[in-house]
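Peer 1: Structure incoming, see below.
The values are calculated or read from the model by the stated rules, or taken from the named source; none is laboratory data. Only a predicted model underlies this, so the values are computations on that prediction, with no experimental measurement involved. Cβ sites come from the backbone with ideal geometry, for glycine too, and all protein chains shown count toward neighbours. Calculation scope for accessible area: heavy atoms of the full protein, side chains included, ligands and nucleic acids excluded. Shrake-Rupley method; radii C 1.70, N 1.55, O 1.52, S 1.80 Å.
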Amino acid sequence: MNNNENKILRRNLNRRQFTKLILGLGLSVSSVTYAESRLFSWSGLGRQSQDTTLICSAQGNHKKSFSFDLINSENTLSVASNFRGHGLNQHPINNEFIVCMPRRPGITGLVINIQSGKVAHSFSSVGKHHMHGHACFSFDGQYLFTTESNFETGDGVIVVRETQGYQIVRSFPSYGVGPHELAMMPDGKTLVVANGGLRTHPDSGRKVLNLNTMESNLSYIDTRTGTLIEQARINNQSYDFSKASIRHLDVSPCGTVAIALQVQREAMSNDTVIPLAAIHKRNKAISILNAPSQLLRKLNDYMGSVKINSQSNTVAFTSPKGNIAMFWDTDTKIFNGFHVFHDVCGLTVSNDNKFFILSNSAGKIRYVNAETLQEDKDKRLNYPNKHWDNHLLSATPIA
(Lines give C-alpha, C1' and ligand atoms only; values in the text may rest on other atoms or scores of the structure.)
Protein backbone atom coordinates (compact mmCIF):
# COMPACT_ATOMS: atom_id res chain seq x y z
CA MET A 1 0.00 0.00 0.00
CA ASN A 2 1.46 3.36 -0.97
CA ASN A 3 1.45 6.53 1.18
CA ASN A 4 -1.45 8.13 -0.70
CA GLU A 5 -3.65 5.08 -0.18
CA ASN A 6 -2.60 5.01 3.47
CA LYS A 7 -3.71 8.63 3.96
CA ILE A 8 -7.05 8.04 2.23
CA LEU A 9 -7.80 5.09 4.46
CA ARG A 10 -6.91 6.96 7.65
CA ARG A 11 -9.28 9.74 6.65
CA ASN A 12 -12.20 7.54 5.62
CA LEU A 13 -12.02 4.40 7.76
CA ASN A 14 -12.33 4.11 11.50
CA ARG A 15 -9.33 2.95 13.49
CA ARG A 16 -10.52 -0.60 13.86
CA GLN A 17 -11.12 -1.01 10.11
CA PHE A 18 -7.79 0.55 9.30
CA THR A 19 -5.97 -1.80 11.66
CA LYS A 20 -7.75 -4.78 10.09
CA LEU A 21 -6.65 -3.72 6.64
CA ILE A 22 -3.04 -3.20 7.63
CA LEU A 23 -2.94 -6.58 9.38
CA GLY A 24 -3.62 -8.60 6.28
CA LEU A 25 -6.92 -6.83 5.52
CA GLY A 26 -8.71 -8.77 8.24
CA LEU A 27 -10.34 -11.10 5.77
CA SER A 28 -11.14 -13.85 8.23
CA VAL A 29 -14.37 -14.02 10.16
CA SER A 30 -13.93 -14.20 13.92
CA SER A 31 -15.71 -16.84 15.93
CA VAL A 32 -19.11 -15.51 16.98
CA THR A 33 -22.03 -17.11 18.77
CA TYR A 34 -25.08 -16.54 16.60
CA ALA A 35 -28.59 -16.34 17.96
CA GLU A 36 -30.67 -19.01 16.30
CA SER A 37 -33.77 -17.74 14.48
CA ARG A 38 -36.82 -19.96 14.71
CA LEU A 39 -38.84 -20.98 11.67
CA PHE A 40 -42.62 -20.68 11.91
CA SER A 41 -45.44 -21.82 9.68
CA TRP A 42 -46.88 -19.10 7.47
CA SER A 43 -50.18 -17.55 8.47
CA GLY A 44 -50.13 -14.36 6.38
CA LEU A 45 -48.48 -11.07 7.16
CA GLY A 46 -51.42 -9.03 8.33
CA ARG A 47 -51.00 -5.28 8.68
CA GLN A 48 -47.59 -4.03 9.66
CA SER A 49 -45.73 -0.73 9.83
CA GLN A 50 -44.53 0.45 6.42
CA ASP A 51 -41.06 0.81 7.97
CA THR A 52 -41.00 -2.93 8.69
CA THR A 53 -38.61 -4.70 6.35
CA LEU A 54 -39.69 -8.05 4.95
CA ILE A 55 -36.54 -9.75 3.72
CA CYS A 56 -37.00 -11.87 0.61
CA SER A 57 -34.41 -14.08 -1.07
CA ALA A 58 -34.00 -17.14 -3.22
CA GLN A 59 -32.25 -19.96 -1.40
CA GLY A 60 -31.14 -23.57 -1.69
CA ASN A 61 -28.13 -25.60 -2.75
CA HIS A 62 -29.79 -28.41 -4.73
CA LYS A 63 -33.00 -28.86 -6.72
CA LYS A 64 -35.05 -30.40 -3.91
CA SER A 65 -34.31 -27.46 -1.59
CA PHE A 66 -34.67 -24.52 -4.01
CA SER A 67 -37.23 -22.00 -2.79
CA PHE A 68 -38.08 -18.33 -2.38
CA ASP A 69 -38.26 -17.29 1.27
CA LEU A 70 -39.74 -14.26 3.02
CA ILE A 71 -38.75 -13.35 6.57
CA ASN A 72 -40.51 -11.00 8.96
CA SER A 73 -40.08 -10.52 12.70
CA GLU A 74 -42.26 -13.49 13.57
CA ASN A 75 -42.23 -16.12 10.87
CA THR A 76 -40.85 -17.35 7.58
CA LEU A 77 -42.56 -18.19 4.31
CA SER A 78 -40.87 -20.74 2.04
CA VAL A 79 -42.25 -21.41 -1.44
CA ALA A 80 -40.67 -24.28 -3.38
CA SER A 81 -39.46 -23.30 -6.85
CA ASN A 82 -37.71 -26.42 -8.21
CA PHE A 83 -35.14 -24.11 -9.80
CA ARG A 84 -32.36 -21.90 -8.49
CA GLY A 85 -33.67 -18.37 -8.11
CA HIS A 86 -31.95 -15.04 -8.56
CA GLY A 87 -33.54 -11.56 -8.67
CA LEU A 88 -36.79 -10.50 -6.97
CA ASN A 89 -39.17 -7.58 -7.49
CA GLN A 90 -42.28 -6.46 -5.60
CA HIS A 91 -45.30 -5.15 -7.48
CA PRO A 92 -45.34 -1.38 -6.81
CA ILE A 93 -49.14 -1.16 -6.43
CA ASN A 94 -50.40 -4.63 -5.48
CA ASN A 95 -47.60 -5.24 -3.04
CA GLU A 96 -48.83 -8.66 -1.99
CA PHE A 97 -47.19 -9.97 -5.17
CA ILE A 98 -43.46 -10.63 -5.59
CA VAL A 99 -41.88 -11.75 -8.87
CA CYS A 100 -39.10 -14.30 -8.50
CA MET A 101 -36.73 -14.81 -11.43
CA PRO A 102 -34.58 -17.84 -12.29
CA ARG A 103 -30.81 -17.83 -12.42
CA ARG A 104 -29.56 -17.61 -16.00
CA PRO A 105 -30.13 -19.41 -18.29
CA GLY A 106 -33.52 -20.21 -16.73
CA ILE A 107 -36.82 -20.08 -18.57
CA THR A 108 -39.53 -19.79 -15.88
CA GLY A 109 -40.42 -17.09 -13.37
CA LEU A 110 -42.91 -17.17 -10.49
CA VAL A 111 -45.31 -14.63 -8.99
CA ILE A 112 -45.83 -15.31 -5.29
CA ASN A 113 -48.70 -13.97 -3.21
CA ILE A 114 -47.08 -13.17 0.13
CA GLN A 115 -50.45 -12.96 1.86
CA SER A 116 -51.56 -16.48 0.97
CA GLY A 117 -48.05 -17.92 0.68
CA LYS A 118 -48.88 -19.48 -2.68
CA VAL A 119 -47.78 -19.14 -6.30
CA ALA A 120 -50.27 -16.85 -8.06
CA HIS A 121 -48.78 -17.07 -11.56
CA SER A 122 -45.89 -18.57 -13.47
CA PHE A 123 -44.52 -17.41 -16.80
CA SER A 124 -41.92 -18.70 -19.21
CA SER A 125 -39.70 -17.64 -22.06
CA VAL A 126 -41.04 -18.48 -25.48
CA GLY A 127 -39.39 -19.59 -28.69
CA LYS A 128 -35.61 -19.65 -28.57
CA HIS A 129 -35.31 -17.35 -25.53
CA HIS A 130 -33.89 -17.83 -22.07
CA MET A 131 -33.98 -15.46 -19.10
CA HIS A 132 -31.08 -13.70 -17.42
CA GLY A 133 -32.25 -13.56 -13.81
CA HIS A 134 -33.69 -10.06 -13.39
CA ALA A 135 -36.86 -8.07 -13.99
CA CYS A 136 -38.42 -4.73 -13.08
CA PHE A 137 -41.93 -3.26 -13.02
CA SER A 138 -43.21 -0.09 -14.60
CA PHE A 139 -44.00 2.47 -11.91
CA ASP A 140 -47.74 1.97 -12.40
CA GLY A 141 -47.34 -1.80 -12.09
CA GLN A 142 -49.02 -2.51 -15.42
CA TYR A 143 -45.94 -4.06 -17.04
CA LEU A 144 -43.05 -6.31 -16.12
CA PHE A 145 -39.80 -6.05 -18.08
CA THR A 146 -37.45 -9.06 -18.15
CA THR A 147 -33.95 -9.47 -19.56
CA GLU A 148 -33.72 -12.35 -22.01
CA SER A 149 -31.64 -13.58 -24.93
CA ASN A 150 -32.37 -15.20 -28.24
CA PHE A 151 -29.93 -18.06 -27.77
CA GLU A 152 -29.90 -18.85 -31.48
CA THR A 153 -28.70 -15.38 -32.55
CA GLY A 154 -27.17 -14.21 -29.24
CA ASP A 155 -29.16 -10.97 -29.30
CA GLY A 156 -30.25 -9.44 -26.01
CA VAL A 157 -33.98 -8.78 -25.67
CA ILE A 158 -36.24 -6.92 -23.23
CA VAL A 159 -39.55 -8.78 -23.00
CA VAL A 160 -42.64 -6.87 -21.81
CA ARG A 161 -45.45 -8.69 -19.98
CA GLU A 162 -48.77 -7.36 -18.70
CA THR A 163 -49.32 -8.06 -14.98
CA GLN A 164 -52.80 -9.53 -14.90
CA GLY A 165 -51.86 -12.89 -16.37
CA TYR A 166 -48.19 -12.14 -17.18
CA GLN A 167 -48.63 -12.69 -20.89
CA ILE A 168 -46.11 -11.22 -23.36
CA VAL A 169 -47.34 -8.06 -25.07
CA ARG A 170 -44.20 -6.99 -26.93
CA SER A 171 -40.40 -6.96 -26.90
CA PHE A 172 -37.51 -4.79 -28.04
CA PRO A 173 -33.70 -5.06 -28.22
CA SER A 174 -31.49 -4.61 -25.18
CA TYR A 175 -28.86 -3.20 -27.56
CA GLY A 176 -26.20 -5.63 -26.42
CA VAL A 177 -25.42 -9.25 -25.63
CA GLY A 178 -26.29 -10.92 -22.35
CA PRO A 179 -28.52 -8.31 -20.68
CA HIS A 180 -28.57 -9.00 -16.95
CA GLU A 181 -29.97 -6.53 -14.41
CA LEU A 182 -32.22 -3.64 -15.42
CA ALA A 183 -34.05 -0.84 -13.62
CA MET A 184 -36.50 1.96 -14.29
CA MET A 185 -35.06 5.45 -14.26
CA PRO A 186 -36.77 8.17 -12.16
CA ASP A 187 -38.63 9.53 -15.20
CA GLY A 188 -40.67 6.32 -15.31
CA LYS A 189 -40.15 6.07 -19.08
CA THR A 190 -36.54 4.96 -19.44
CA LEU A 191 -34.99 1.60 -18.68
CA VAL A 192 -31.31 1.29 -17.88
CA VAL A 193 -29.92 -2.13 -18.84
CA ALA A 194 -26.62 -3.80 -17.93
CA ASN A 195 -25.62 -5.65 -21.09
CA GLY A 196 -22.94 -7.93 -19.71
CA GLY A 197 -21.68 -9.00 -23.14
CA LEU A 198 -21.68 -12.69 -22.23
CA ARG A 199 -23.36 -15.07 -24.65
CA THR A 200 -24.71 -18.34 -23.23
CA HIS A 201 -26.93 -21.18 -24.40
CA PRO A 202 -29.21 -23.49 -22.37
CA ASP A 203 -27.48 -26.56 -23.82
CA SER A 204 -24.15 -25.45 -22.34
CA GLY A 205 -25.44 -23.99 -19.09
CA ARG A 206 -23.52 -20.98 -17.83
CA LYS A 207 -20.50 -21.46 -20.11
CA VAL A 208 -19.57 -18.20 -21.85
CA LEU A 209 -19.41 -18.76 -25.60
CA ASN A 210 -17.91 -15.47 -26.80
CA LEU A 211 -15.03 -14.57 -24.50
CA ASN A 212 -12.87 -13.40 -27.39
CA THR A 213 -15.45 -10.98 -28.76
CA MET A 214 -17.45 -10.00 -25.66
CA GLU A 215 -18.34 -6.33 -25.28
CA SER A 216 -20.28 -4.87 -22.36
CA ASN A 217 -22.36 -1.69 -22.19
CA LEU A 218 -24.91 0.28 -20.21
CA SER A 219 -27.97 1.07 -22.36
CA TYR A 220 -30.78 3.57 -21.74
CA ILE A 221 -33.95 2.60 -23.62
CA ASP A 222 -37.27 4.40 -24.13
CA THR A 223 -39.92 1.92 -22.95
CA ARG A 224 -42.61 3.56 -25.08
CA THR A 225 -40.83 3.04 -28.38
CA GLY A 226 -38.08 0.53 -27.59
CA THR A 227 -35.50 2.88 -29.06
CA LEU A 228 -31.99 3.39 -27.72
CA ILE A 229 -31.53 6.81 -26.08
CA GLU A 230 -27.97 6.58 -24.80
CA GLN A 231 -25.26 3.96 -24.45
CA ALA A 232 -22.20 4.08 -22.21
CA ARG A 233 -19.05 1.97 -22.10
CA ILE A 234 -16.16 2.05 -19.68
CA ASN A 235 -13.25 3.93 -21.20
CA ASN A 236 -10.35 4.35 -18.85
CA GLN A 237 -6.70 4.74 -19.83
CA SER A 238 -5.42 3.40 -16.52
CA TYR A 239 -7.04 -0.04 -16.75
CA ASP A 240 -8.07 -2.59 -19.36
CA PHE A 241 -11.86 -2.98 -19.06
CA SER A 242 -12.27 -4.89 -22.32
CA LYS A 243 -13.24 -8.09 -20.47
CA ALA A 244 -15.13 -6.42 -17.62
CA SER A 245 -18.79 -7.40 -17.72
CA ILE A 246 -21.37 -4.89 -16.41
CA ARG A 247 -23.70 -7.26 -14.56
CA HIS A 248 -25.59 -5.54 -11.77
CA LEU A 249 -26.88 -2.04 -11.16
CA ASP A 250 -28.99 0.18 -8.94
CA VAL A 251 -30.55 3.61 -9.52
CA SER A 252 -30.94 6.45 -7.03
CA PRO A 253 -33.97 8.79 -6.97
CA CYS A 254 -31.84 11.48 -8.63
CA GLY A 255 -30.84 9.19 -11.50
CA THR A 256 -27.35 8.12 -10.43
CA VAL A 257 -26.67 4.59 -11.69
CA ALA A 258 -24.23 2.42 -9.74
CA ILE A 259 -22.78 -0.57 -11.61
CA ALA A 260 -21.00 -3.71 -10.43
CA LEU A 261 -18.49 -5.47 -12.67
CA GLN A 262 -17.25 -9.02 -13.11
CA VAL A 263 -13.98 -9.56 -14.97
CA GLN A 264 -13.60 -12.54 -17.29
CA ARG A 265 -9.97 -13.09 -16.35
CA GLU A 266 -9.54 -16.23 -18.45
CA ALA A 267 -9.96 -14.05 -21.54
CA MET A 268 -7.18 -11.66 -20.51
CA SER A 269 -3.45 -11.92 -21.10
CA ASN A 270 -2.49 -10.14 -17.86
CA ASP A 271 -3.33 -10.21 -14.17
CA THR A 272 -3.58 -6.46 -13.55
CA VAL A 273 -6.10 -5.71 -10.82
CA ILE A 274 -9.18 -3.89 -12.14
CA PRO A 275 -11.64 -1.77 -10.08
CA LEU A 276 -15.08 -3.38 -10.06
CA ALA A 277 -17.34 -0.54 -8.92
CA ALA A 278 -18.49 2.48 -10.90
CA ILE A 279 -21.10 5.24 -11.15
CA HIS A 280 -22.78 6.70 -14.21
CA LYS A 281 -24.84 9.83 -14.78
CA ARG A 282 -26.63 10.47 -18.05
CA ASN A 283 -24.62 12.23 -20.76
CA LYS A 284 -21.37 11.80 -18.82
CA ALA A 285 -18.57 9.26 -18.78
CA ILE A 286 -18.68 6.32 -16.39
CA SER A 287 -16.75 7.15 -13.21
CA ILE A 288 -14.64 4.41 -11.63
CA LEU A 289 -14.83 4.00 -7.84
CA ASN A 290 -11.34 3.21 -6.67
CA ALA A 291 -9.98 1.70 -3.48
CA PRO A 292 -6.59 0.52 -2.16
CA SER A 293 -5.06 -1.99 -4.56
CA GLN A 294 -4.58 -4.63 -1.85
CA LEU A 295 -8.30 -4.52 -1.14
CA LEU A 296 -9.25 -4.64 -4.82
CA ARG A 297 -7.09 -7.72 -5.32
CA LYS A 298 -9.08 -9.55 -2.64
CA LEU A 299 -12.25 -9.21 -4.73
CA ASN A 300 -11.05 -11.88 -7.15
CA ASP A 301 -12.56 -10.06 -10.17
CA TYR A 302 -16.13 -10.36 -8.85
CA MET A 303 -18.79 -8.00 -7.51
CA GLY A 304 -22.14 -9.71 -6.95
CA SER A 305 -24.64 -7.04 -5.89
CA VAL A 306 -24.95 -3.26 -5.59
CA LYS A 307 -27.38 -1.02 -3.70
CA ILE A 308 -27.61 2.74 -3.19
CA ASN A 309 -28.78 4.28 0.09
CA SER A 310 -29.86 7.75 -1.02
CA GLN A 311 -30.44 8.96 2.54
CA SER A 312 -26.81 8.44 3.57
CA ASN A 313 -25.42 9.07 0.04
CA THR A 314 -23.68 5.72 0.23
CA VAL A 315 -23.42 2.94 -2.32
CA ALA A 316 -22.61 -0.60 -1.21
CA PHE A 317 -21.18 -3.47 -3.23
CA THR A 318 -20.72 -7.10 -2.22
CA SER A 319 -18.12 -9.62 -3.34
CA PRO A 320 -18.75 -13.27 -2.35
CA LYS A 321 -15.40 -14.27 -3.83
CA GLY A 322 -13.70 -11.61 -1.71
CA ASN A 323 -15.81 -12.20 1.44
CA ILE A 324 -16.37 -8.47 1.75
CA ALA A 325 -18.84 -5.61 1.34
CA MET A 326 -17.44 -2.22 0.31
CA PHE A 327 -18.89 1.28 0.62
CA TRP A 328 -18.36 4.54 -1.29
CA ASP A 329 -19.83 8.06 -1.03
CA THR A 330 -22.03 8.59 -4.10
CA ASP A 331 -21.28 12.32 -4.28
CA THR A 332 -17.53 12.50 -3.59
CA LYS A 333 -16.81 8.94 -4.84
CA ILE A 334 -14.52 8.49 -1.82
CA PHE A 335 -14.08 4.96 -0.47
CA ASN A 336 -15.58 4.96 3.02
CA GLY A 337 -15.12 1.47 4.43
CA PHE A 338 -15.77 -2.24 4.26
CA HIS A 339 -17.35 -5.10 6.19
CA VAL A 340 -15.91 -8.61 6.25
CA PHE A 341 -18.51 -11.36 5.86
CA HIS A 342 -17.85 -14.85 4.45
CA ASP A 343 -19.38 -15.44 0.99
CA VAL A 344 -21.48 -12.28 1.21
CA CYS A 345 -23.58 -11.44 -1.83
CA GLY A 346 -27.20 -10.63 -0.90
CA LEU A 347 -27.62 -6.87 -0.40
CA THR A 348 -30.54 -4.52 0.20
CA VAL A 349 -31.49 -1.38 2.13
CA SER A 350 -33.95 -1.55 5.03
CA ASN A 351 -37.27 0.20 4.42
CA ASP A 352 -36.40 2.91 6.97
CA ASN A 353 -33.08 3.52 5.14
CA LYS A 354 -31.11 3.06 8.37
CA PHE A 355 -29.31 -0.14 7.41
CA PHE A 356 -27.70 -2.08 4.62
CA ILE A 357 -28.82 -5.71 4.99
CA LEU A 358 -26.35 -8.42 3.92
CA SER A 359 -26.76 -12.17 3.50
CA ASN A 360 -24.57 -15.14 2.68
CA SER A 361 -24.83 -18.73 1.51
CA ALA A 362 -24.54 -20.09 5.06
CA GLY A 363 -27.94 -18.70 6.04
CA LYS A 364 -26.63 -15.67 7.92
CA ILE A 365 -28.03 -12.11 7.75
CA ARG A 366 -26.35 -8.95 9.05
CA TYR A 367 -27.37 -5.30 9.40
CA VAL A 368 -24.77 -2.56 8.76
CA ASN A 369 -25.61 1.00 9.81
CA ALA A 370 -25.84 3.12 6.65
CA GLU A 371 -24.34 6.18 8.35
CA THR A 372 -21.56 4.72 10.51
CA LEU A 373 -20.98 1.55 8.43
CA GLN A 374 -20.77 -0.38 11.69
CA GLU A 375 -22.63 -3.66 12.10
CA ASP A 376 -25.46 -3.88 14.64
CA LYS A 377 -24.64 -7.31 16.06
CA ASP A 378 -27.89 -7.44 18.02
CA LYS A 379 -29.72 -7.73 14.69
CA ARG A 380 -27.82 -10.78 13.47
CA LEU A 381 -29.99 -13.59 12.17
CA ASN A 382 -29.03 -17.15 11.40
CA TYR A 383 -30.99 -19.78 9.49
CA PRO A 384 -28.71 -22.86 9.59
CA ASN A 385 -30.72 -24.83 7.03
CA LYS A 386 -30.92 -21.99 4.51
CA HIS A 387 -28.47 -21.09 1.76
CA TRP A 388 -29.29 -17.52 0.70
CA ASP A 389 -28.65 -16.84 -2.96
CA ASN A 390 -27.14 -13.79 -4.67
CA HIS A 391 -29.81 -11.15 -4.07
CA LEU A 392 -32.03 -9.72 -1.34
CA LEU A 393 -35.25 -7.73 -1.62
CA SER A 394 -36.61 -5.40 1.05
CA ALA A 395 -40.31 -5.98 0.56
CA THR A 396 -42.90 -3.45 1.68
CA PRO A 397 -45.54 -4.83 4.11
CA ILE A 398 -49.08 -5.23 2.91
CA ALA A 399 -51.04 -2.03 3.64
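Peer 1: With only Lys, Arg, Asp and Glu charged, each at its Cβ (+1 for the first two, -1 for the last two), find how big the charge dipole of the chain is about the Cα centre; round to the nearest 20 debye.
Peer 2: The dipole of the chain has a size of about 740 debye.
Peer 1: Rounded to the nearest 20 debye, what is the charge dipole size of the range 246-388 about its Cα centre when +1 sits on each Lys and Arg Cβ and -1 on each Asp and Glu Cβ?
Peer 2: That gives the range 246-388 a dipole magnitude of about 160 debye.
Peer 1: Just to confirm my numbers, what's the Cα centroid distance between the range 165-227 and the range 60-105 in Å?
Peer 2: 22
Peer 1: Here's another thing I want to ask about it. Remind me, relative contact order of the range 74-187 in percent, using alpha carbon pairs under 8 angstrom and six or more residues apart?
Peer 2: 19
Peer 1: Rounded, prolate or oblate: which fits the range 331-399 when a ≥ b ≥ c are the square roots of the eigenvalues of the alpha-carbon gyration tensor, with rounded for a/c under 1.5 and prolate only if a/b beats b/c?
Peer 2: Oblate.
Peer 1: Let me ask something additional. Enter the accessible area per residue of the chain (Å², integer; probe 1.4 Å; all protein chains in place). Could you put the intermediate results ahead of the total?
Peer 2: Values: 17010 Å² over 399 residues.
That works out to 43 Å² per residue.
Peer 1: For the chain, set up a GNM with springs between Cα atoms under 10 Å and report which of K386, K354, K284 has the largest fluctuation.
Peer 2: The residue with the greatest mean-square fluctuation here is K284.
Peer 1: Cut-off under 27 Å on the C-alpha distance; same-chain residues fewer than 8 positions from K243 excluded. Which lysines are left, in chain and number order?
Peer 2: K128, K207, K281, K284, K298, K307, K321, K333
Peer 1: A follow-up question, please. Between Q294 and T52, what is 0.36 nm times their sequence separation minus the Cα-Cα distance? Round to one decimal in nm.
Peer 2: Extra length available between Q294 and T52 comes to 83.3 nm.
Peer 1: Carbon and sulfur atoms: what percent of the 1.4 Å accessible area of the range 210-292 do they account for?
Peer 2: Exposed carbon and sulfur together represent 42 percent of the surface.
Peer 1: About the Cα centre of the range 63-186, what is the dipole size in debye to 20, counting +1 per Lys and Arg Cβ and -1 per Asp and Glu Cβ, all else neutral?
Peer 2: For the range 63-186, the charge dipole is close to 400 debye.
Peer 1: Check the straight Cα-Cα distances from K379 and name the lysines below 19 Å, setting aside those fewer than 8 residues away within the same chain.
Peer 2: Counting by Cα, and skipping residues close in sequence, K379 has these lysines nearby: K354, K364.
Peer 1: Beyond 21 Å, what share of the Cα-Cα pairs of the range 93-169 is found? Please give it as a whole percent.
Peer 2: Tail of P(r) above 21 Å: 23 percent of Cα pairs.
Peer 1: Obtain the radius of gyration and the Kirkwood radius of the chain from its C-alpha atoms and give Rg over Rh.
Peer 2: Across the chain, the Cα-based Rg/Rh ratio is 0.94.
Peer 1: Once you place label points 7 Å from the Cα toward the Cβ at I107 and K64, how far apart are they in nm?
Peer 2: About 2.5 nm, to one decimal.
Peer 1: Would you please state which residues of the range 67-90 a label at N385 would reach in this model, taking the label point 7 Å out along Cα→Cβ and a backbone N cut-off of under 16 Å?
Peer 2: The answer is 67-71, 75-81, whose backbone nitrogens lie closer than 16 Å to the label point.
Peer 1: Could I have the simple spin-label model distance between H91 and E215, label points 7 Å from Cα toward Cβ, reported in nm to one decimal?
Peer 2: The modelled label-to-label distance comes out at 4.1 nm.
Peer 1: If you don't mind, there's one more thing I want to ask. To the nearest 500 deg cm²/dmol, what mean residue ellipticity at 222 nm is calculated for the chain from DSSP H runs of n ≥ 4 alone, each contributing -39,500 (n - 2.57), summed and divided by the residues? Don't skip to the answer; put the middle values down first.
Peer 2: Details: 3 runs with 23 residues, N = 399.
Result for the chain, helices only: -1500 deg cm²/dmol.
Peer 1: Assign one of three labels to the range 122-211, namely rounded, prolate or oblate, based on the Cα gyration tensor with a ≥ b ≥ c the square roots of its eigenvalues; rounded applies when a/c is under 1.5, prolate when it is not and a/b is larger than b/c, and oblate otherwise.
Peer 2: Oblate is the answer for the range 122-211, as a/c is 1.5 or above yet b/c matches or exceeds a/b.
Peer 1: Report the extension gain between D271 and D352 in nm, rounded to one decimal, defined as 0.36 nm multiplied by the number of residues separating them, less their alpha carbon distance.
Peer 2: Going from the current span to full extension adds 25.0 nm.
Peer 1: Could you pull out the chymotrypsin sites (Phe, Trp or Tyr not before Pro) across the range 114-154 that fall in loop regions by DSSP (anything but H, G, I, E, B) with no more than 16 other Cβ atoms inside 10 Å? Write out the running numbers ahead of the final one.
Peer 2: Details: sites: F123, F137, F139, Y143, F145, F151; in loops: F139, F151.
Within the range 114-154, the qualifying chymotrypsin sites (Phe, Trp or Tyr not before Pro) (loop, at most 16 other Cβ atoms within 10 Å) are F139.
Peer 1: Net charge within 11 Å of Q262 by Cβ-Cβ distance, Lys/Arg positive one each and Asp/Glu negative one each, not counting Q262 itself?
Peer 2: +3
Peer 1: With the cut-off at 1.5 for a/c, could you classify the range 225-288 from its C-alpha gyration tensor as rounded, prolate or oblate?
Peer 2: Here the range 225-288 falls in the prolate category.
Peer 1: With labels modelled as points extended 7 Å from the Cα through the Cβ direction, what inter-label distance (nm, one decimal) is found for E152 paired with E371?
Peer 2: Distance between the two pseudo-spin positions: 5.8 nm.
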